[in-house]
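Contents: one structure, followed by commentary.
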Amino acid sequence: MRVTKPMRTILDLLERGEVPLATLRQALREGLRRGLIRRSEIAEARKRFTGDKQLRTFFRRWPPSGIQEIRDRRSLSKGTGGQA
């Protein structure tokens, strides 16, 4: 049985157009927060699908506000908050 990665699933749903963009953006944020999606996967998707209008629209305002806060909280919880 084949299983797709969360980023691939989000891109597939986006392509089908059956799920609201807000829901897919939330899924992307959750995937990042939970460590299921890497920022490099998002960057790669942005590069690969630059010709797709729907994907350009989806990624237009990425990263949304709050992503830096999530990254900062994760660093603090791991004890790497930049404090010497």
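For Thr9 and Arg38, calculate 0.36 nm times their separation in residues minus their Cα-Cα distance, and state this gained length in nm to one decimal.
Details: separation 29, 0.36 × 29 = 10.44 nm, distance 1.39 nm.
Separation in residues times 0.36 nm, less the Cα-Cα distance, equals 9.0 nm.
Subtracting the Cα-Cα distance from 0.36 nm times the residue separation, let me have the gained length for Arg2 to Leu24 in nm, one decimal. If you can, show how the numbers build up before the last one.
On the way: separation 22, 0.36 × 22 = 7.92 nm, distance 2.19 nm.
Full extension of this stretch gives 5.7 nm more.
Read the figures in this text as sums done on the coordinates, not as results from a lab. Since we're looking at a predicted model, the values are computed, not measured.
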